[in-house]
Amino acid sequence: MPSYYPPAGFHFKVEFIGVSGMDSDTEQRFQDVSGLTFDIETEALKEGGENRFEYKLPKRAKYPNLVLKRGLLTNMVLLDWINSAMNTFFTVVVYDFKPADILITLLDEAGQPAAIWNVVQAYPVKCSISDFKSSENSIVVETIELAYQYFERKM
């Protein structure tokens, strides 16, 4: 019987589906992905005569924002997509922004997919750059926070 070893969490790629120019391997690499979680909201229902407990009925799922981090790139493809969102959200003239589906693929030691998550209709809600400090020798990290509708595991 072969042994099973869970995949390591450090080898993955992030693909933005529908964002033109995001085809390069460099654009798909991030150092940190977080936010692939969900919580089910519940509603308490108290039944008359039953004092030992109350029923918890499911209402809907809540998804936190997806947070992507990587070293600052000079390629502007993702920045153009973020700027397009910002221009669409805050103007009434230009409506050219389209949310993107995002595939997050966890890779095994051979570089093959071990698991795939599809994040549906993501759009940027926050973008930040790490602080510049002359007293430290650290890389500049950009953090992109995305709201989305839901995610599902494909594999």
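Write out the chymotrypsin sites (Phe, Trp or Tyr not before Pro) in region 57-131 meeting two conditions: DSSP loop, and at most 11 other Cβ atoms within 10 Å of their Cβ. Display every interim value, and only then the final one.
On the way: sites: 81, 89, 90, 95, 97, 117; in loops: 95, 97.
Of the chymotrypsin sites (Phe, Trp or Tyr not before Pro), the ones in loops of region 57-131 whose Cβ has at most 11 other Cβ atoms within 10 Å are 95.
Can you pull out the GluC sites (Glu not before Pro) in region 107-146 that DSSP calls coil and that have at most 16 other Cβ atoms within 10 Å?
Working: sites: 109, 136, 142, 145; in loops: 109, 136.
Of the GluC sites (Glu not before Pro), the ones in loops of region 107-146 whose Cβ has at most 16 other Cβ atoms within 10 Å are 109, 136.
Is region 82-144 rounded, prolate or oblate when judged by the Cα gyration tensor, a ≥ b ≥ c being the square roots of its eigenvalues, rounded requiring a/c under 1.5 and prolate requiring a/b larger than b/c? Please report the intermediate quantities before stating the final value.
Working: a/c = 4.14, a/b = 1.10, b/c = 3.76.
Here region 82-144 falls in the oblate category.
Out of region 82-155, which trypsin sites (Lys or Arg not before Pro) are coil in DSSP terms and have no more than 14 other C-beta atoms within 10 Å?
Taking region 82-155 and a limit of 14 other Cβ atoms within 10 Å, the loop trypsin sites (Lys or Arg not before Pro) found are 133, 154.
Specify which residue in the list 110, 12, 65 is farthest towards the positive end of the charge dipole of region 12-153, using unit charges on the beta carbon of Lys, Arg (+1) and Asp, Glu (-1), about the Cα centre.
65
Starting from the Cα of residue 44, step 7 Å along the direction of its Cβ; do the same at residue 115; then give the gap between the two resulting points in nm.
According to this spin-label approximation, the distance is 3.3 nm.
Within region 12-153, what is the number of lysine pairs with alpha carbons under 24 Å apart, leaving out pairs fewer than eight places apart on the same chain?
Step by step, the pairs that qualify in region 12-153 add up to 12.
In nm², what is the average projected area of the convex hull enclosing the Cα atoms of the chain? Display every interim value, and only then the final one.
On the way: hull surface 67.2 nm².
Answer in nm², one decimal: 16.8.
Taking 30 Å as R0, compute the FRET efficiency from the Cβ-Cβ separation of residue 134 and residue 74 and round it to 0.05.
Values: r = 21 Å, r/R0 = 0.70.
The value I calculate is 0.90.
Tell me, what is the percent relative contact order of the chain, built from C-alpha pairs under 8 Å that lie six or more residues apart? Don't skip to the answer; put the middle values down first.
Details: 278 pairs, mean separation 38.9, N = 155.
Reported as a whole number, the value is 25 percent.
Readers should treat all values here as calculations from the given coordinates under stated rules, not as data from a laboratory. Keep in mind it's a predicted model, so treat the numbers as computed, not measured. As a convention, Cβ positions derive from the backbone with ideal geometry for all residues, glycine included, and neighbour counts pool all protein chains shown.
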